[in-house]
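Report on the structure given below.
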Amino acid sequence: MRRREFIAGLGVATAWPVVARAERRNGRVAHIAYLGMTSPSSLDPRQIEQFKQGLADNGLIEGRDITVDYLWAEGRPERLRQLANELVQRNLDLIVTAGPQPVRALLETRTQTPIVFAIYTDPVVDGVVDSLARAEI
């Protein structure tokens, strides 16, 4: 298994319980967002495919059980902050992201929406989570 596939699967596996509870809560379609620092053209297309496959493997079919908004900062920090602020205004069940910059931008908004993130070298040292044993923001 390739590293990126593992990380994508890990993020979905981590997100699944939160999204499943949100979806089952009142029979509605769960609504999540993926916040990316770059652009979809700069990613290996398999990353998003693996994300969608991870959702499907957990019984969440995009468009049927769950909707996913993909937002891209196009490598611009000011755009990233703008998108993070925009996400706070939405009624989301979960926000998924990767890397320290999007996580920091989301934390600055003081959002109450759960955030699932991957590809972060040391979120404990950076003060993002208290520990990896129980990584809640």
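The values are calculated or read from the model by the stated rules, or taken from the named source; none is laboratory data. Predicted model only: the values in this text are computed from it and were never measured. Heads up, the Cβs are rebuilt from the backbone with ideal geometry, glycines too, and the neighbour counts pull from every protein chain shown.
Does at least one position in the stretch 57-71 carry a residue that is touching a Ser or Thr at 6+ places or on another chain (Cβ under 7 Å) and under 21 Å from ARG104 (Cβ atoms)? First the steps, then the outcome.
At the first step, the residues of the stretch 57-71 found to be touching a Ser or Thr at 6+ places or on another chain (Cβ under 7 Å) are none.
No, the stretch 57-71 has no match at all.
Looking at the stretch 71-107, which of its residues are among the β-branched types (Val, Ile, Thr) and closer than 21 Å to ILE119 by Cα?
Matches in the stretch 71-107: ILE95, VAL96, THR97, VAL103.
Within the stretch 101-116, identify whether any single residue is surrounded by fewer than 13 Cβ atoms within 10 Å (Cβ to Cβ) and at pLDDT below 90, and answer yes or no.
Within the stretch 101-116, none of the residues are surrounded by fewer than 13 Cβ atoms within 10 Å (Cβ to Cβ) and at pLDDT below 90.
Touching a helix residue (DSSP H, G or I) at 6+ places or on another chain (Cβ under 7 Å), among the charged types (D, E, K, R) and surrounded by 14 or more Cβ atoms within 10 Å (Cβ to Cβ): is that true of ARG81 in this structure? Walk me through it before giving the result.
Working: touching a helix residue (DSSP H, G or I) at 6+ places or on another chain (Cβ under 7 Å): yes; among the charged types (D, E, K, R): yes; surrounded by 14 or more Cβ atoms within 10 Å (Cβ to Cβ): yes.
Yes, satisfied.
Tally the residues that are buried (at least 19 other Cβ atoms within 10 Å of the Cβ) and either closer than 18 Å to LEU43 by Cβ or over 12 Å from the mean Cα position of the chain (by Cα) (or both), restricting the search to the stretch 90-100.
4
When you scan the stretch 106-117, do you find a residue that is without any contact (Cβ under 8 Å) to a residue 24 or more places away in the chain, closer than 26 Å to PRO40 by Cβ, outside any loop (DSSP other than H, G, I, E, B) and charged (D, E, K, R), even just one?
no
Is at least one residue of the stretch 70-93 without any contact (Cβ under 8 Å) to a residue 24 or more places away in the chain and among the β-branched types (Val, Ile, Thr)?
No, every residue in the stretch 70-93 fails to be without any contact (Cβ under 8 Å) to a residue 24 or more places away in the chain and among the β-branched types (Val, Ile, Thr).
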